[in-house]
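Read through the structure below, which is laid out as structure tokens, and then see the notes.
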Amino acid sequence: MAAKGATEMEVGGDGVAVITICNPPVNSLSIDVLLSLKESYEEALQRKDVKAIVVTGKGGKFSGGFDISSFGDLHSGKIEQPKVGYISIDILTELLEGATKPSVAAIDGLCLGGGLEVSMACHARISTPTAQLGLPELQLGIIPGFGGTQRLPRLVGLTKSLEMMLLSKPIKGEEAHQLGLVDSLVSPNDLVNTARRWALDICEAREILKFARAQARKQAANLEHPLICIDVIEEGIVSGPRAGLWKEANAFQGLLFSDTCKSLLHVFFSQRATSKVPGATDLGLMPRKITKVAILGGGLMGSGIATAMILSNYPVLLKEVNEKFLNAGIDRIKANLQSRVRKGKMTEERYGKALSLLSGALGYEKFKEVDLVIEAVIENVKLKQQIFADLEKYCPSHCILATNTSTIDLNLIGEKTKSQDRIVGAHFFSPAHVMPLLEIVRTQHTSAQVVVDLLDVGKRIKKTPIVVGNCTGFAVNRMFFPYTQSALLFVDYGMDVYKIDRACTKFGMPMGPFRLADLVGFGVAVATGMQYLENFPERVYKSMLIPIMMEDKRSGEASRKGFYKYEDKRKATPDPEIMTYIQKSRSMAGVTPDAELMKLSDKDIVEMVFFPVINEACRVLDEGIAVKASDLDIASIFGMGFPPYRGGVMLWGDSIGAKYIHGKLAEWAKRYGSFFEPCSYLAERAAKGIPLSAPAASQVKARL
Ligand SMILES: C[C@H](O)CC(=O)SCCNC(=O)CCNC(=O)[C@H](O)C(C)(C)COP(=O)(O)OP(=O)(O)OC[C@H]1O[C@@H](n2cnc3c(N)ncnc32)[C@H](O)[C@@H]1OP(=O)(O)O
């Protein structure tokens, strides 16, 4: 039997395949035409020279719909009925609508029933003003069967689509355009060419969207909502504004109840709540004006802090011990600023202005003019004590005396002065002009006024402050010390360094504990370790791995070799050589690798690295070092790069549950030692089923 119509396909030099429905007199859709449409599509999707598709009808008619004359053949069984849904779902939805290449329908004349349905499965519709579009199926005692009941309401709205279907009432191209069923109106002569251009424009938009998707995945692989946003934008481009709006509305609704949204809302409010500090900001004190700032030490931290200050228009006096160090410090500040100019974040003019706010000093003569001093010299208690005694002598009596120490007890630093009420910690995170957190440390002597003043400075230099109590490591470093500690412990027990780092970055950390140790430098890591060992010996794991590597002149990124090698600029490559050190460290620790640890999933690894962090965060909270759990969430996000979409360590901990965390820690404590011992705060909350972040009944001990 001769075929009842077919489609023809022609591929132009522009990469557009024009598929024409040919079945005179009205280009009705016989089964043959539909199968031929399928074949043409498949060929177009396969061919490399085809970028986009236009579907049209021969002789100024798109299509009069399903071939009514074959109804009888179907009834009599003369032609076999395709399996239910084959045309509507397999061909029109999966193949046409779901195609990776965009298609546009070019409509003139009739576009009825199955014809309109084919055009609605395309990604856009261009028509002439006089074209006739409708779904008249009900006239024949049937209903639209190729997706019309679903696609038309999305394009023209419920009321209009009901009218068009129930009354079998077609509309003209003009009205279809107003309703959004048709995307553009053109004269019959321009029809196919306009449709070609439209299809190519969708291709270009798709390329841009593809790039945006890749970027979004690279930035935060765990996040779904940026990709959904791109999908929704694409829907609008491809299927018109109404379809786009529907997709937007549905996606919005879904995201509103997502964990990501809940976590990010928590971060939003928690960040604002950090500057509400009981016993300081609730006393009605106004911040005093700070007109000049002095910074002691032009090293990495000092120069970073000075950069942050001059960028926010504070005149800065940088003091060093000799000309050479001073110049080196000033050069570092210049380099910090220049990097901003290079990245286009700052004009040359702004650069000059910022630099003009900086002056250098070798002595204390000009310190009588300053309102705030930030000491950022090396971590040496004796040196700091001497400096604070000098500052008391040379600075005006109202001047705030801040230290950028990251670990040393402030009472020790100020021991030789009578200025305890104006001594405060201003702990910045490296690089200080980039990292957004400022940990303000107050002792029992620090005045509320000084805290209020420093909060104001923090706001002006665009840092997120958290106000914490005084102890070794304060809140942030204390909380994150166990991050590297547990990683080092598990490496001794047989786990792979790079597997741990990978699990952490997949979880959403900017870098794993070993890449971080490389960045910070092993010297700092060991010095900090000593402080902890002195103060919290029961929960320090004495890994020899870092000291062994240091003996071999591997001390992290600065020496181009640490846990990774750094041949190229900053690019970290795993280094098989580290196995020698690891084996040595393992034999010194006298442990036998635990075969079970090798089988762990990424989720297990993340728990092993982060549950000790949560445990320490609980101690910090219990001791009153932090005022509230949400401050620790902010500290973890802004100080260590904990993924904000997980809400911070405490909120994340609560999403897992105190009981589970407690159980795991207790089990590991039995197996691997006291480092994992769950603290009493965690134990109590696990037993009573109270969230970790819920305020205690007797909130905040007298520590602050
Ligand atoms: C699954 C899907 O949802 C189901 C469907 O698509 S069902 C089909 C839906 N389509 C329709 O109902 C359209 C029916 N056709 C019409 O209403 C009118 O024919 C029309 C408005 C298209 C044209 O009207 P008009 O210009 O007066 O010409 P008319 O004489 O009716 O038709 C011209 C020829 O085309 C044929 N024809 C029209 N529509 C046809 C169709 N869908 N299938 C097969 N042949 C069709 C007519 O039988 C006629 O053939 P003839 O010359 O051999 O007698």
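The values are calculated or read from the model by the stated rules, or taken from the named source; none is laboratory data. These numbers come from a predicted model, not from an experiment. Here Cβ is always computed from backbone atoms with ideal geometry, including for glycine, and neighbour counts include all displayed protein chains. Areas reflect the complete protein model, heavy atoms only, side chains present, ligands, DNA and RNA absent. Shrake-Rupley method; radii C 1.70, N 1.55, O 1.52, S 1.80 Å.
Brief remarks on what is shown
- Residue in the range 239-258 that is touching a residue at least 12 places away in the same chain (Cβ under 8 Å), in contact with a strand residue (DSSP E or B) (Cβ under 9 Å, 6 or more places away or on another chain) and either of a type in the set (Val, Ile, Thr) or assigned to a helix (DSSP H, G or I) (or both) present: yes
- Hey, residue 350 part of a helix (DSSP H, G or I) and either open to solvent by 80 Å² or more (accessible area, probe 1.4 Å) or charged (D, E, K, R) (or both) or not: yes
- Options 355, 318; residue that is among the hydrophobic types (A, V, I, L, M, F, W, C) and under 20 Å from residue 394 (Cβ atoms): 318
- Candidate set: the range 36-58, residues that are without any contact (Cβ under 8 Å) to a residue 40 or more places away in the chain and open to solvent by less than 70 Å² (accessible area, probe 1.4 Å); chosen: the one nearest to the ligand (Cβ to nearest atom): 36
- Single unsatisfied condition, residue 142 versus (1) more than 21 Å from residue 241 (Cβ to Cβ); (2) within 12 Å of the ligand (Cβ to nearest atom); (3) modelled with pLDDT of 95 or more: (3)
- Given (1) open to solvent by 90 Å² or more (accessible area, probe 1.4 Å); (2) not in a helix (DSSP H, G or I), index of the condition residue 583 fails: (2)
- Qualifying residue in the range 119-134 (condition: more than 27 Å from residue 200 (Cβ to Cβ), of a type in the set (Val, Ile, Thr) and within 16 Å of the ligand (Cβ to nearest atom)): no
- Note on the range 3-35: among residues that are more than 16 Å from the ligand (Cβ to nearest atom) and in a loop (DSSP other than H, G, I, E, B), the one that is surrounded by the most Cβ atoms within 10 Å (Cβ to Cβ) is 15.
- Looking only at the range 59-76, and only at residues there that are among the charged types (D, E, K, R) and over 51 Å from the mean Cα position of the chain (by Cα), the one that is surrounded by the fewest Cβ atoms within 10 Å (Cβ to Cβ): 73
- Residue satisfying all of: in the range 305-315; small (Gly, Ala, Ser) and in contact with a helix residue (DSSP H, G or I) (Cβ under 7 Å, 6 or more places away or on another chain); most open to solvent (accessible area, probe 1.4 Å) among these: 312
- Check on residue 109, buried (at least 16 other Cβ atoms within 10 Å of the Cβ) and either under 16 Å from residue 19 (Cβ atoms) or within 14 Å of the ligand (Cβ to nearest atom) (or both): yes
- Scanning the range 211-236 for residues that are exposed (fewer than 13 other Cβ atoms within 10 Å of the Cβ) and either within 18 Å of residue 97 (Cα to Cα) or among the small types (Gly, Ala, Ser) (or both) yields 214, 221.
- Given (1) more than 27 Å from residue 574 (Cβ to Cβ); (2) free of Cβ contacts under 8 Å to residues at least 60 places away in the same chain; (3) open to solvent by less than 10 Å² (accessible area, probe 1.4 Å), index of the condition residue 514 fails: (1)
- Just one residue in the set 595, 589, 635 is open to solvent by less than 10 Å² (accessible area, probe 1.4 Å) and among the small types (Gly, Ala, Ser); that residue is 635.
- Across the range 249-272, the qualifying residues are those that are aromatic (Phe, Trp, Tyr) and under 14 Å from residue 648 (Cα atoms), and the one among them that is least open to solvent (accessible area, probe 1.4 Å) is 268.
- Candidates 335, 308 - the one that is free of Cβ contacts under 8 Å to residues at least 12 places away in the same chain and assigned to a helix (DSSP H, G or I): 335
- Residue within the range 175-190 that is hydroxyl-bearing (Ser, Thr, Tyr), crowded, with 19+ Cβ neighbours inside 10 Å and more than 13 Å from the ligand (Cβ to nearest atom) present: no
- Enumeration of residues in the range 611-638 that are aliphatic (A, V, I, L, M) and outside any helix (DSSP H, G or I): 625, 626, 627
- Residue pairs whose Cβ atoms lie under 9 Å apart, separated by 6 or more positions or on different chains, with the first residue in the range 127-149 and more than 12 Å from residue 112 (Cβ to Cβ) and without any contact (Cβ under 8 Å) to a residue 24 or more places away in the chain and the second of a type in the set (S, T, N, Q) and open to solvent by 10 Å² or more (accessible area, probe 1.4 Å), are 143/149.
- Residue satisfying all of: in the range 145-168; open to solvent by 60 Å² or more (accessible area, probe 1.4 Å) and within 46 Å of the chain's Cα centre (by Cα); nearest to the ligand (Cβ to nearest atom) among these: 150
- Flag for residue 607 being part of a helix (DSSP H, G or I), among the acidic types (Asp, Glu) and open to solvent by 40 Å² or more (accessible area, probe 1.4 Å): no
- Of all the criteria given as (1) over 25 Å from the mean Cα position of the chain (by Cα); (2) polar (S, T, N, Q); (3) outside any loop (DSSP other than H, G, I, E, B), the one not satisfied by residue 484 is (1).
- Out of 79, 91, sole residue that is within 15 Å of the ligand (Cβ to nearest atom), in contact with an Asp or Glu (Cβ under 8 Å, 6 or more places away or on another chain) and either open to solvent by 40 Å² or more (accessible area, probe 1.4 Å) or touching a residue at least 12 places away in the same chain (Cβ under 8 Å) (or both): 79
- So residue 79, is it at pLDDT below 95, β-branched (Val, Ile, Thr) and on the phi < 0 side of the Ramachandran plot: yes
- So residue 370, is it open to solvent by less than 30 Å² (accessible area, probe 1.4 Å) and farther than 30 Å from residue 641 by Cα: yes
- Selection within the range 169-208 - farther than 16 Å from residue 240 by Cα, at pLDDT below 95, outside any helix (DSSP H, G or I) and not basic (Lys, Arg): none
Residues are listed down the side, and each one gets a yes or a no for (1) within 17 Å of residue 477 (Cβ to Cβ); (2) in a loop (DSSP other than H, G, I, E, B); (3) free of Cβ contacts under 8 Å to residues at least 12 places away in the same chain:
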site: 382; (1), (2), (3): no, no, yes
site: 415; (1), (2), (3): no, yes, no
site: 435; (1), (2), (3): yes, yes, no
site: 439; (1), (2), (3): yes, no, no
